[in-house]
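The values are calculated or read from the model by the stated rules, or taken from the named source; none is laboratory data. Note that this is a predicted model, so its numbers are computed, not measured. As a convention, Cβ positions derive from the backbone with ideal geometry for all residues, glycine included, and neighbour counts pool all protein chains shown.
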Amino acid sequence: MDSPGRHLGVADGIAHLLDLLARDASAVEFERPVVDARTAGRPGAEIDTLERAKQVALGVREQLQAHRRREAQLAALFQTASDLAALNSVDEVLVAIVRRARTLLGRDIAYLCLNDDERGDTYMRVTDGSVSAEFQAVRLPLGGGLGGLVAQQGVPIASADYFTDHRFNHLGTIDSAVHSEGLVSILGVPLKLGAQVIGVLFAADRHRRAFSRDEVALLSSLAAHAAVALDNARLLAETRSALISLEQANASLREQSQDIELAVIAHDRLAELVLRGGGVAEVAAELADVLGGAVELQGPSEMSDPLGAHQSSVPVATGSELLGRLVLTREDQARPADLRVLERGAVVTALLLLFNRHLAEMANRGRRDLLEDMLTGSVTETDEIRARAADLDADLTGDLVVLACAVPRHRVDSEQAAAFYAGRRRGLSARVDGHVVLLVPGTDPGAAAREAVTALTRVLGGPVTAAGEQVATGPSRGAELGRAHRSARQALTAMLALGREGEGATTADLGFIGVLLSAGDSGRRFVRDLLGPVVDYDAARGSDLAATLDAWFAAGGHLGRTAAALHVHPNTVGQRLSRVATLLGDDWSAPDRALQIQLALQLRKLLPA
(Lines give C-alpha, C1' and ligand atoms only; values in the text may rest on other atoms or scores of the structure.)
Protein backbone atom coordinates (compact mmCIF):
# COMPACT_ATOMS: atom_id res chain seq x y z
CA MET A 1 0.00 0.00 0.00
CA ASP A 2 1.38 3.45 -0.96
CA SER A 3 2.37 5.83 1.83
CA PRO A 4 0.14 8.85 2.40
CA GLY A 5 2.81 11.18 1.01
CA ARG A 6 2.92 9.50 -2.42
CA HIS A 7 0.02 11.49 -3.85
CA LEU A 8 0.45 14.79 -2.02
CA GLY A 9 -0.60 17.89 -3.95
CA VAL A 10 1.23 21.23 -3.70
CA ALA A 11 -0.84 22.45 -0.77
CA ASP A 12 -0.45 19.19 1.09
CA GLY A 13 3.28 19.15 0.33
CA ILE A 14 3.71 22.67 1.75
CA ALA A 15 1.66 21.72 4.81
CA HIS A 16 3.93 18.70 5.24
CA LEU A 17 7.00 20.96 5.07
CA LEU A 18 5.53 23.19 7.78
CA ASP A 19 4.91 20.14 9.92
CA LEU A 20 8.55 19.13 9.50
CA LEU A 21 9.59 22.64 10.63
CA ALA A 22 7.32 22.41 13.64
CA ARG A 23 8.89 19.18 14.89
CA ASP A 24 12.46 20.19 13.93
CA ALA A 25 12.90 17.27 11.51
CA SER A 26 16.27 16.49 9.97
CA ALA A 27 17.29 18.19 6.74
CA VAL A 28 16.96 14.97 4.72
CA GLU A 29 13.26 14.66 5.59
CA PHE A 30 12.55 17.92 3.75
CA GLU A 31 13.34 16.13 0.46
CA ARG A 32 10.35 13.76 0.85
CA PRO A 33 7.54 15.98 -0.62
CA VAL A 34 9.60 16.75 -3.74
CA VAL A 35 10.64 13.10 -4.18
CA ASP A 36 7.02 11.92 -3.77
CA ALA A 37 5.79 14.50 -6.32
CA ARG A 38 8.35 13.34 -8.86
CA THR A 39 7.49 9.68 -8.18
CA ALA A 40 3.79 10.40 -8.60
CA GLY A 41 4.46 12.13 -11.92
CA ARG A 42 3.13 15.49 -10.81
CA PRO A 43 3.37 18.36 -13.29
CA GLY A 44 6.72 20.16 -13.53
CA ALA A 45 5.24 23.43 -12.27
CA GLU A 46 4.06 21.73 -9.07
CA ILE A 47 7.44 20.08 -8.60
CA ASP A 48 9.18 23.47 -9.06
CA THR A 49 6.79 25.04 -6.51
CA LEU A 50 7.51 22.28 -4.01
CA GLU A 51 11.26 22.62 -4.66
CA ARG A 52 11.12 26.36 -3.91
CA ALA A 53 9.00 25.70 -0.82
CA LYS A 54 11.54 23.13 0.32
CA GLN A 55 14.41 25.62 -0.06
CA VAL A 56 12.48 28.25 1.87
CA ALA A 57 11.67 25.73 4.61
CA LEU A 58 15.31 24.67 4.85
CA GLY A 59 16.31 28.35 5.12
CA VAL A 60 13.79 28.90 7.88
CA ARG A 61 15.04 25.73 9.58
CA GLU A 62 18.61 27.04 9.43
CA GLN A 63 17.56 30.42 10.86
CA LEU A 64 15.67 28.71 13.65
CA GLN A 65 18.69 26.61 14.46
CA ALA A 66 20.87 29.73 14.38
CA HIS A 67 18.47 31.46 16.78
CA ARG A 68 18.59 28.46 19.07
CA ARG A 69 22.38 28.49 18.94
CA ARG A 70 22.43 32.18 19.81
CA GLU A 71 20.00 31.57 22.67
CA ALA A 72 22.24 28.79 23.92
CA GLN A 73 25.29 31.03 23.61
CA LEU A 74 23.58 33.90 25.42
CA ALA A 75 22.41 31.51 28.11
CA ALA A 76 25.98 30.29 28.43
CA LEU A 77 27.28 33.83 28.74
CA PHE A 78 24.68 34.65 31.39
CA GLN A 79 25.59 31.45 33.20
CA THR A 80 29.26 32.41 33.01
CA ALA A 81 28.45 35.80 34.51
CA SER A 82 26.54 34.00 37.25
CA ASP A 83 29.54 31.75 37.82
CA LEU A 84 31.71 34.80 38.38
CA ALA A 85 29.43 35.86 41.21
CA ALA A 86 28.81 32.39 42.65
CA LEU A 87 32.25 30.74 42.51
CA ASN A 88 34.88 31.75 45.07
CA SER A 89 37.83 30.22 43.22
CA VAL A 90 39.16 31.85 40.07
CA ASP A 91 40.36 28.40 38.95
CA GLU A 92 36.78 27.11 39.09
CA VAL A 93 35.60 30.04 37.00
CA LEU A 94 38.30 29.55 34.38
CA VAL A 95 37.64 25.80 34.20
CA ALA A 96 33.94 26.50 33.70
CA ILE A 97 34.67 29.03 30.94
CA VAL A 98 37.05 26.75 29.06
CA ARG A 99 34.67 23.78 29.33
CA ARG A 100 31.79 25.95 28.15
CA ALA A 101 33.86 27.22 25.20
CA ARG A 102 34.58 23.67 24.10
CA THR A 103 30.93 22.60 24.44
CA LEU A 104 29.36 25.60 22.71
CA LEU A 105 31.79 25.61 19.79
CA GLY A 106 31.65 21.82 19.49
CA ARG A 107 35.43 21.52 19.32
CA ASP A 108 37.76 18.74 20.39
CA ILE A 109 39.69 20.85 22.85
CA ALA A 110 39.68 24.26 24.50
CA TYR A 111 42.47 25.76 26.57
CA LEU A 112 43.61 29.03 28.16
CA CYS A 113 47.14 30.42 28.40
CA LEU A 114 48.31 33.30 30.61
CA ASN A 115 51.38 35.53 30.43
CA ASP A 116 54.00 35.14 33.17
CA ASP A 117 55.52 38.62 33.60
CA GLU A 118 58.23 37.38 35.97
CA ARG A 119 59.55 34.63 33.62
CA GLY A 120 58.74 36.47 30.42
CA ASP A 121 56.81 33.64 28.78
CA THR A 122 53.32 32.11 28.55
CA TYR A 123 52.07 29.03 30.40
CA MET A 124 49.07 26.73 30.08
CA ARG A 125 46.57 27.57 32.82
CA VAL A 126 43.44 25.47 31.99
CA THR A 127 42.69 22.76 29.38
CA ASP A 128 39.54 20.79 28.55
CA GLY A 129 39.68 17.78 26.21
CA SER A 130 43.47 17.53 26.21
CA VAL A 131 45.10 14.07 26.22
CA SER A 132 48.79 15.04 25.91
CA ALA A 133 50.86 15.63 29.04
CA GLU A 134 53.41 17.50 26.91
CA PHE A 135 50.71 19.87 25.64
CA GLN A 136 49.30 20.46 29.13
CA ALA A 137 52.73 21.40 30.53
CA VAL A 138 54.05 23.48 27.63
CA ARG A 139 55.47 26.95 28.25
CA LEU A 140 55.55 29.22 25.24
CA PRO A 141 58.01 32.04 24.54
CA LEU A 142 56.25 35.37 24.11
CA GLY A 143 55.61 36.04 20.42
CA GLY A 144 55.78 32.40 19.39
CA GLY A 145 53.07 30.43 17.58
CA LEU A 146 49.48 31.43 16.85
CA GLY A 147 48.95 32.56 20.43
CA GLY A 148 51.97 34.87 20.22
CA LEU A 149 50.50 36.55 17.14
CA VAL A 150 47.16 36.99 18.94
CA ALA A 151 48.91 38.54 21.96
CA GLN A 152 51.01 40.79 19.73
CA GLN A 153 48.14 42.12 17.59
CA GLY A 154 45.42 41.95 20.26
CA VAL A 155 42.84 40.51 17.82
CA PRO A 156 41.32 37.02 17.26
CA ILE A 157 43.19 34.80 14.78
CA ALA A 158 41.90 31.53 13.30
CA SER A 159 43.83 28.93 11.36
CA ALA A 160 42.08 26.04 9.58
CA ASP A 161 45.43 24.21 9.17
CA TYR A 162 47.98 25.20 11.78
CA PHE A 163 51.05 23.48 10.34
CA THR A 164 50.63 24.99 6.87
CA ASP A 165 49.85 28.50 8.13
CA HIS A 166 52.92 30.77 7.83
CA ARG A 167 51.44 33.94 9.32
CA PHE A 168 53.06 33.22 12.67
CA ASN A 169 56.40 32.05 13.99
CA HIS A 170 56.58 28.26 14.23
CA LEU A 171 58.77 27.21 17.16
CA GLY A 172 59.90 23.67 17.82
CA THR A 173 58.56 23.43 21.36
CA ILE A 174 55.16 24.79 20.35
CA ASP A 175 54.80 22.67 17.19
CA SER A 176 55.86 19.58 19.11
CA ALA A 177 53.20 20.15 21.76
CA VAL A 178 50.51 20.86 19.11
CA HIS A 179 51.54 17.73 17.22
CA SER A 180 51.45 15.59 20.37
CA GLU A 181 47.84 16.72 20.90
CA GLY A 182 47.02 16.09 17.24
CA LEU A 183 45.58 19.53 16.66
CA VAL A 184 44.99 20.88 13.14
CA SER A 185 42.60 23.88 13.26
CA ILE A 186 43.03 26.46 16.04
CA LEU A 187 41.21 29.65 17.00
CA GLY A 188 42.76 32.03 19.53
CA VAL A 189 41.22 35.20 21.04
CA PRO A 190 42.97 37.66 23.40
CA LEU A 191 42.22 38.11 27.11
CA LYS A 192 42.41 41.86 27.72
CA LEU A 193 42.48 44.08 30.77
CA GLY A 194 41.97 47.47 29.19
CA ALA A 195 44.46 47.63 26.34
CA GLN A 196 46.80 45.04 27.88
CA VAL A 197 46.72 41.42 26.63
CA ILE A 198 47.21 39.09 29.61
CA GLY A 199 46.57 35.77 27.88
CA VAL A 200 44.80 33.87 25.09
CA LEU A 201 41.71 31.60 25.05
CA PHE A 202 41.80 28.82 22.41
CA ALA A 203 39.40 26.39 20.78
CA ALA A 204 40.86 23.69 18.50
CA ASP A 205 40.02 20.59 16.44
CA ARG A 206 42.01 17.50 15.53
CA HIS A 207 40.88 17.82 11.90
CA ARG A 208 40.71 20.63 9.39
CA ARG A 209 37.75 22.87 10.05
CA ALA A 210 37.00 26.56 9.53
CA PHE A 211 35.70 28.87 12.25
CA SER A 212 32.57 30.97 11.71
CA ARG A 213 32.16 34.62 12.67
CA ASP A 214 29.67 33.63 15.38
CA GLU A 215 32.19 31.23 16.90
CA VAL A 216 34.83 33.94 16.99
CA ALA A 217 32.39 36.33 18.68
CA LEU A 218 31.32 33.70 21.23
CA LEU A 219 34.88 32.76 22.16
CA SER A 220 35.75 36.47 22.44
CA SER A 221 32.86 36.98 24.87
CA LEU A 222 34.00 34.04 26.96
CA ALA A 223 37.55 35.45 26.92
CA ALA A 224 36.20 38.74 28.22
CA HIS A 225 34.55 36.88 31.12
CA ALA A 226 37.83 35.08 31.80
CA ALA A 227 39.67 38.42 31.92
CA VAL A 228 37.07 39.72 34.37
CA ALA A 229 37.52 36.63 36.51
CA LEU A 230 41.28 37.13 36.58
CA ASP A 231 40.93 40.80 37.36
CA ASN A 232 38.50 39.99 40.15
CA ALA A 233 41.01 37.51 41.50
CA ARG A 234 43.66 40.23 41.52
CA LEU A 235 41.35 42.62 43.32
CA LEU A 236 40.35 39.90 45.76
CA ALA A 237 44.00 39.20 46.55
CA GLU A 238 44.65 42.90 47.19
CA THR A 239 41.75 43.21 49.62
CA ARG A 240 41.90 39.75 51.23
CA SER A 241 44.11 40.99 54.05
CA ALA A 242 41.39 43.48 55.02
CA LEU A 243 38.47 41.07 54.62
CA ILE A 244 39.14 38.56 57.37
CA SER A 245 35.66 37.09 57.46
CA LEU A 246 32.27 37.30 55.81
CA GLU A 247 30.96 39.17 58.81
CA GLN A 248 33.52 41.91 58.27
CA ALA A 249 32.45 42.11 54.63
CA ASN A 250 28.82 42.42 55.67
CA ALA A 251 29.76 45.06 58.24
CA SER A 252 31.63 46.96 55.56
CA LEU A 253 28.62 46.82 53.27
CA ARG A 254 26.37 48.04 56.06
CA GLU A 255 28.77 50.85 56.80
CA GLN A 256 28.87 51.81 53.12
CA SER A 257 25.09 51.85 53.05
CA GLN A 258 25.06 54.08 56.11
CA ASP A 259 27.69 56.32 54.50
CA ILE A 260 25.59 56.68 51.36
CA GLU A 261 22.52 57.43 53.43
CA LEU A 262 24.51 60.00 55.41
CA ALA A 263 25.76 61.63 52.19
CA VAL A 264 22.23 61.77 50.76
CA ILE A 265 20.84 63.31 53.95
CA ALA A 266 23.63 65.90 54.03
CA HIS A 267 23.17 66.74 50.35
CA ASP A 268 19.41 67.19 50.70
CA ARG A 269 19.67 69.32 53.83
CA LEU A 270 22.43 71.54 52.45
CA ALA A 271 20.57 71.97 49.16
CA GLU A 272 17.39 72.95 51.03
CA LEU A 273 19.36 75.37 53.21
CA VAL A 274 20.91 77.14 50.22
CA LEU A 275 17.57 77.36 48.41
CA ARG A 276 15.94 79.07 51.36
CA GLY A 277 18.78 81.60 51.58
CA GLY A 278 20.75 80.17 54.51
CA GLY A 279 24.21 81.43 55.37
CA VAL A 280 27.60 80.06 56.34
CA ALA A 281 26.71 79.73 60.03
CA GLU A 282 23.63 77.69 59.16
CA VAL A 283 25.74 75.38 56.97
CA ALA A 284 28.03 74.72 59.94
CA ALA A 285 25.00 74.08 62.16
CA GLU A 286 23.50 71.61 59.66
CA LEU A 287 26.82 69.77 59.34
CA ALA A 288 27.16 69.61 63.11
CA ASP A 289 23.68 68.09 63.40
CA VAL A 290 24.30 65.54 60.61
CA LEU A 291 27.77 64.53 61.84
CA GLY A 292 26.96 64.54 65.55
CA GLY A 293 29.59 67.04 66.67
CA ALA A 294 30.58 70.69 66.57
CA VAL A 295 31.56 72.33 63.27
CA GLU A 296 33.43 75.64 63.13
CA LEU A 297 34.49 77.74 60.15
CA GLN A 298 38.00 79.12 60.71
CA GLY A 299 39.52 81.87 58.61
CA PRO A 300 42.98 81.70 56.97
CA SER A 301 44.59 83.46 59.96
CA GLU A 302 43.38 80.70 62.30
CA MET A 303 44.54 77.76 60.18
CA SER A 304 47.96 77.67 61.83
CA ASP A 305 46.33 76.66 65.12
CA PRO A 306 46.94 72.93 65.82
CA LEU A 307 43.97 70.56 65.83
CA GLY A 308 42.90 68.64 68.90
CA ALA A 309 42.93 64.85 69.33
CA HIS A 310 39.34 64.44 68.11
CA GLN A 311 39.29 67.21 65.56
CA SER A 312 39.31 66.87 61.78
CA SER A 313 39.39 69.57 59.14
CA VAL A 314 38.93 70.07 55.41
CA PRO A 315 39.94 73.17 53.44
CA VAL A 316 37.41 75.68 52.17
CA ALA A 317 38.89 76.82 48.88
CA THR A 318 38.04 78.02 45.42
CA GLY A 319 40.63 77.58 42.71
CA SER A 320 43.97 78.58 44.18
CA GLU A 321 42.47 80.75 46.95
CA LEU A 322 42.22 79.29 50.44
CA LEU A 323 39.24 80.83 52.24
CA GLY A 324 39.58 78.90 55.50
CA ARG A 325 38.77 75.46 56.86
CA LEU A 326 35.87 73.59 58.42
CA VAL A 327 36.84 71.95 61.71
CA LEU A 328 34.79 69.02 63.04
CA THR A 329 35.06 68.26 66.76
CA ARG A 330 33.59 64.99 68.07
CA GLU A 331 34.03 62.71 71.03
CA ASP A 332 35.28 59.94 68.70
CA GLN A 333 37.45 59.96 65.60
CA ALA A 334 35.77 61.02 62.36
CA ARG A 335 35.29 58.34 59.69
CA PRO A 336 36.20 58.81 56.02
CA ALA A 337 32.48 59.13 55.24
CA ASP A 338 32.21 61.96 57.76
CA LEU A 339 35.07 63.77 56.08
CA ARG A 340 33.40 63.33 52.68
CA VAL A 341 30.26 64.97 54.08
CA LEU A 342 32.44 67.71 55.57
CA GLU A 343 34.02 68.19 52.13
CA ARG A 344 30.55 68.62 50.62
CA GLY A 345 29.86 71.24 53.25
CA ALA A 346 33.18 72.95 52.44
CA VAL A 347 32.13 73.27 48.78
CA VAL A 348 28.80 74.82 49.77
CA THR A 349 30.57 77.11 52.26
CA ALA A 350 33.05 78.27 49.60
CA LEU A 351 30.20 79.11 47.22
CA LEU A 352 28.36 81.06 49.92
CA LEU A 353 31.53 82.92 50.90
CA LEU A 354 32.15 83.91 47.30
CA PHE A 355 28.55 85.04 46.91
CA ASN A 356 28.71 87.01 50.16
CA ARG A 357 32.01 88.51 49.08
CA HIS A 358 30.45 89.66 45.84
CA LEU A 359 27.59 91.28 47.73
CA ALA A 360 30.02 92.79 50.23
CA GLU A 361 32.20 94.19 47.46
CA MET A 362 29.19 95.89 45.92
CA ALA A 363 28.18 97.32 49.30
CA ASN A 364 31.79 98.29 50.11
CA ARG A 365 32.07 100.12 46.81
CA GLY A 366 28.94 102.08 47.67
CA ARG A 367 30.22 102.88 51.18
CA ARG A 368 33.55 104.01 49.78
CA ASP A 369 31.96 106.25 47.16
CA LEU A 370 29.60 107.88 49.67
CA LEU A 371 32.38 108.61 52.17
CA GLU A 372 34.64 110.02 49.44
CA ASP A 373 31.79 112.22 48.20
CA MET A 374 31.17 113.47 51.74
CA LEU A 375 34.87 114.17 52.39
CA THR A 376 35.36 116.00 49.10
CA GLY A 377 32.09 117.92 49.52
CA SER A 378 30.70 116.68 46.19
CA VAL A 379 27.52 115.65 48.00
CA THR A 380 26.09 117.86 50.75
CA GLU A 381 22.34 117.37 50.59
CA THR A 382 21.17 115.69 53.80
CA ASP A 383 18.35 113.82 52.09
CA GLU A 384 20.66 112.39 49.45
CA ILE A 385 23.17 111.30 52.06
CA ARG A 386 20.46 109.61 54.16
CA ALA A 387 18.97 107.85 51.12
CA ARG A 388 22.33 106.49 49.98
CA ALA A 389 23.23 105.49 53.54
CA ALA A 390 19.91 103.65 53.94
CA ASP A 391 20.56 101.67 50.75
CA LEU A 392 23.93 100.63 52.23
CA ASP A 393 22.47 99.83 55.67
CA ALA A 394 24.67 102.57 57.15
CA ASP A 395 23.55 104.63 60.14
CA LEU A 396 24.59 108.29 59.74
CA THR A 397 21.69 109.81 61.69
CA GLY A 398 23.24 110.01 65.15
CA ASP A 399 26.63 110.78 66.70
CA LEU A 400 29.56 109.87 64.43
CA VAL A 401 33.29 109.27 64.87
CA VAL A 402 35.85 109.61 62.08
CA LEU A 403 38.99 107.45 62.30
CA ALA A 404 42.22 107.88 60.33
CA CYS A 405 44.09 104.55 60.25
CA ALA A 406 47.58 103.50 59.19
CA VAL A 407 47.52 99.83 58.13
CA PRO A 408 50.34 97.39 57.22
CA ARG A 409 51.59 98.29 53.75
CA HIS A 410 52.24 94.67 52.74
CA ARG A 411 48.56 93.70 53.14
CA VAL A 412 46.69 94.27 49.87
CA ASP A 413 43.40 93.29 51.54
CA SER A 414 43.54 96.03 54.18
CA GLU A 415 40.87 98.11 52.42
CA GLN A 416 38.59 95.09 52.24
CA ALA A 417 39.16 94.32 55.94
CA ALA A 418 38.38 97.93 56.87
CA ALA A 419 35.23 97.87 54.73
CA PHE A 420 34.10 94.67 56.44
CA TYR A 421 34.71 96.22 59.86
CA ALA A 422 32.83 99.40 58.91
CA GLY A 423 29.95 97.34 57.52
CA ARG A 424 29.58 95.49 60.82
CA ARG A 425 29.47 98.85 62.63
CA ARG A 426 26.95 100.20 60.07
CA GLY A 427 29.48 102.80 59.01
CA LEU A 428 31.51 103.80 55.92
CA SER A 429 35.11 103.27 54.84
CA ALA A 430 37.46 104.52 52.12
CA ARG A 431 41.16 104.90 51.33
CA VAL A 432 42.20 108.56 51.18
CA ASP A 433 45.75 109.80 50.52
CA GLY A 434 47.34 106.48 51.48
CA HIS A 435 45.49 105.85 54.74
CA VAL A 436 42.17 104.23 55.63
CA VAL A 437 39.29 106.43 56.82
CA LEU A 438 36.37 105.02 58.84
CA LEU A 439 33.14 106.83 59.67
CA VAL A 440 31.20 104.91 62.33
CA PRO A 441 28.42 105.63 64.83
CA GLY A 442 29.76 106.52 68.28
CA THR A 443 30.29 109.10 70.98
CA ASP A 444 33.78 108.12 72.23
CA PRO A 445 36.47 108.59 69.54
CA GLY A 446 39.21 107.18 71.76
CA ALA A 447 37.32 103.95 72.45
CA ALA A 448 36.35 103.69 68.79
CA ALA A 449 40.01 104.08 67.75
CA ARG A 450 41.20 101.41 70.18
CA GLU A 451 38.43 99.02 69.12
CA ALA A 452 39.32 99.48 65.45
CA VAL A 453 43.02 98.88 66.18
CA THR A 454 42.27 95.63 68.00
CA ALA A 455 39.90 94.28 65.33
CA LEU A 456 41.97 95.25 62.28
CA THR A 457 45.29 94.15 63.80
CA ARG A 458 43.83 90.69 64.46
CA VAL A 459 42.56 90.37 60.88
CA LEU A 460 45.57 91.88 59.07
CA GLY A 461 48.24 90.27 61.23
CA GLY A 462 50.22 93.51 61.59
CA PRO A 463 50.14 96.72 63.65
CA VAL A 464 47.31 99.15 62.89
CA THR A 465 47.39 102.71 64.24
CA ALA A 466 44.20 104.78 64.51
CA ALA A 467 43.38 108.37 65.51
CA GLY A 468 39.77 109.33 66.18
CA GLU A 469 37.81 112.56 66.27
CA GLN A 470 34.17 113.32 67.04
CA VAL A 471 32.10 114.73 64.18
CA ALA A 472 29.91 117.57 65.40
CA THR A 473 26.22 117.39 64.56
CA GLY A 474 24.22 120.18 62.99
CA PRO A 475 23.36 121.64 59.58
CA SER A 476 27.04 122.07 58.63
CA ARG A 477 27.85 118.44 59.21
CA GLY A 478 29.72 118.09 55.91
CA ALA A 479 32.16 120.80 56.88
CA GLU A 480 32.50 119.32 60.37
CA LEU A 481 33.35 115.94 58.85
CA GLY A 482 36.16 117.55 56.85
CA ARG A 483 37.48 119.34 59.97
CA ALA A 484 37.35 116.17 62.06
CA HIS A 485 39.07 114.22 59.31
CA ARG A 486 41.93 116.72 59.08
CA SER A 487 42.32 116.68 62.85
CA ALA A 488 42.38 112.88 62.91
CA ARG A 489 45.02 112.84 60.16
CA GLN A 490 47.22 115.30 62.09
CA ALA A 491 46.86 113.17 65.23
CA LEU A 492 47.74 110.03 63.28
CA THR A 493 50.86 111.70 61.88
CA ALA A 494 51.82 112.77 65.40
CA MET A 495 51.29 109.27 66.79
CA LEU A 496 53.54 107.73 64.16
CA ALA A 497 56.20 110.40 64.70
CA LEU A 498 56.05 109.85 68.47
CA GLY A 499 56.53 106.09 68.07
CA ARG A 500 52.99 105.21 69.14
CA GLU A 501 52.47 102.73 66.32
CA GLY A 502 49.81 100.09 66.98
CA GLU A 503 47.78 102.32 69.32
CA GLY A 504 44.42 104.02 69.13
CA ALA A 505 44.06 107.58 70.45
CA THR A 506 42.64 111.06 69.92
CA THR A 507 44.26 114.48 69.71
CA ALA A 508 43.44 115.00 73.37
CA ASP A 509 45.34 111.79 74.28
CA LEU A 510 48.57 113.27 72.85
CA GLY A 511 48.92 115.76 75.71
CA PHE A 512 50.68 119.03 74.98
CA ILE A 513 51.46 117.94 71.40
CA GLY A 514 47.78 117.26 70.89
CA VAL A 515 46.83 120.67 72.28
CA LEU A 516 49.23 122.39 69.92
CA LEU A 517 48.03 120.34 66.94
CA SER A 518 44.43 121.20 67.71
CA ALA A 519 45.30 124.86 68.09
CA GLY A 520 45.93 125.26 64.38
CA ASP A 521 48.21 128.29 63.66
CA SER A 522 49.05 128.57 67.36
CA GLY A 523 51.28 125.54 66.98
CA ARG A 524 53.22 127.18 64.18
CA ARG A 525 53.61 130.34 66.24
CA PHE A 526 54.89 128.27 69.17
CA VAL A 527 57.56 126.69 66.99
CA ARG A 528 58.45 130.05 65.45
CA ASP A 529 58.76 131.82 68.79
CA LEU A 530 61.13 129.19 70.20
CA LEU A 531 63.16 128.06 67.19
CA GLY A 532 62.78 130.91 64.67
CA PRO A 533 66.38 132.18 64.79
CA VAL A 534 67.82 128.65 64.55
CA VAL A 535 65.53 127.69 61.66
CA ASP A 536 66.35 130.91 59.78
CA TYR A 537 70.09 130.41 60.37
CA ASP A 538 69.92 126.84 58.98
CA ALA A 539 67.90 128.00 56.00
CA ALA A 540 70.31 130.80 55.17
CA ARG A 541 73.57 128.87 55.63
CA GLY A 542 72.55 125.22 55.03
CA SER A 543 73.69 124.27 58.53
CA ASP A 544 72.24 121.65 60.92
CA LEU A 545 71.75 123.53 64.19
CA ALA A 546 68.16 122.24 64.66
CA ALA A 547 69.27 118.63 64.02
CA THR A 548 72.16 119.12 66.44
CA LEU A 549 69.77 120.36 69.13
CA ASP A 550 67.49 117.37 68.55
CA ALA A 551 70.40 114.92 68.83
CA TRP A 552 71.75 116.70 71.96
CA PHE A 553 68.43 116.38 73.78
CA ALA A 554 68.09 112.72 72.66
CA ALA A 555 71.58 111.99 74.08
CA GLY A 556 70.63 113.50 77.44
CA GLY A 557 72.93 116.50 76.94
CA HIS A 558 76.05 114.29 76.56
CA LEU A 559 78.55 115.85 74.14
CA GLY A 560 80.31 112.63 73.14
CA ARG A 561 77.12 110.63 72.45
CA THR A 562 75.72 113.55 70.45
CA ALA A 563 78.87 113.65 68.31
CA ALA A 564 78.69 109.88 67.73
CA ALA A 565 75.03 110.12 66.68
CA LEU A 566 75.84 112.92 64.21
CA HIS A 567 79.13 111.32 63.05
CA VAL A 568 81.10 114.51 63.78
CA HIS A 569 83.87 115.53 66.21
CA PRO A 570 82.77 116.62 69.71
CA ASN A 571 84.42 119.99 69.07
CA THR A 572 82.09 120.47 66.12
CA VAL A 573 79.12 119.81 68.38
CA GLY A 574 80.47 122.31 70.92
CA GLN A 575 80.85 124.98 68.26
CA ARG A 576 77.30 124.44 67.03
CA LEU A 577 75.86 124.66 70.53
CA SER A 578 77.77 127.92 71.05
CA ARG A 579 76.09 129.27 67.93
CA VAL A 580 72.70 128.14 69.35
CA ALA A 581 73.40 130.07 72.56
CA THR A 582 74.17 133.15 70.47
CA LEU A 583 70.89 132.79 68.55
CA LEU A 584 68.55 131.72 71.41
CA GLY A 585 70.28 133.22 74.45
CA ASP A 586 72.53 131.73 77.07
CA ASP A 587 69.55 130.34 79.06
CA TRP A 588 68.41 128.03 76.21
CA SER A 589 69.57 124.94 78.18
CA ALA A 590 67.89 125.92 81.43
CA PRO A 591 65.32 123.24 82.43
CA ASP A 592 62.13 125.20 81.72
CA ARG A 593 63.45 126.68 78.49
CA ALA A 594 64.96 123.35 77.38
CA LEU A 595 61.60 121.58 77.84
CA GLN A 596 59.83 124.13 75.63
CA ILE A 597 62.56 123.85 72.96
CA GLN A 598 62.23 120.02 72.97
CA LEU A 599 58.45 120.32 72.49
CA ALA A 600 58.96 122.80 69.68
CA LEU A 601 61.44 120.43 67.97
CA GLN A 602 58.91 117.55 68.14
CA LEU A 603 56.03 119.75 67.00
CA ARG A 604 58.12 121.02 64.07
CA LYS A 605 58.39 117.44 62.79
CA LEU A 606 54.62 116.99 62.89
CA LEU A 607 53.54 120.21 61.22
CA PRO A 608 53.48 120.49 57.43
CA ALA A 609 56.42 122.46 56.01
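Within region 132-187, can you find the residues that are polar (S, T, N, Q), surrounded by 15 or more Cβ atoms within 10 Å (Cβ to Cβ) and out of contact with any His (no Cβ under 8 Å at 6 or more places or on another chain)? Hits for region 132-187 are S132, Q136, Q152, S159, S180.
Listed by first and then second residue, the pairs with beta-carbon distance under 6 Å, at least 6 apart or on different chains, first residue in region 209-225 and closer than 13 Å to V155 by Cβ, second at pLDDT below 90 and in a helix (DSSP H, G or I), are L219/A101. Would you check if there is a residue in region 425-433 being of a type in the set (G, A, S), at pLDDT 80 or above and touching an Asp or Glu at 6+ places or on another chain (Cβ under 6 Å)? Yes - at least one qualifying residue is present in region 425-433.
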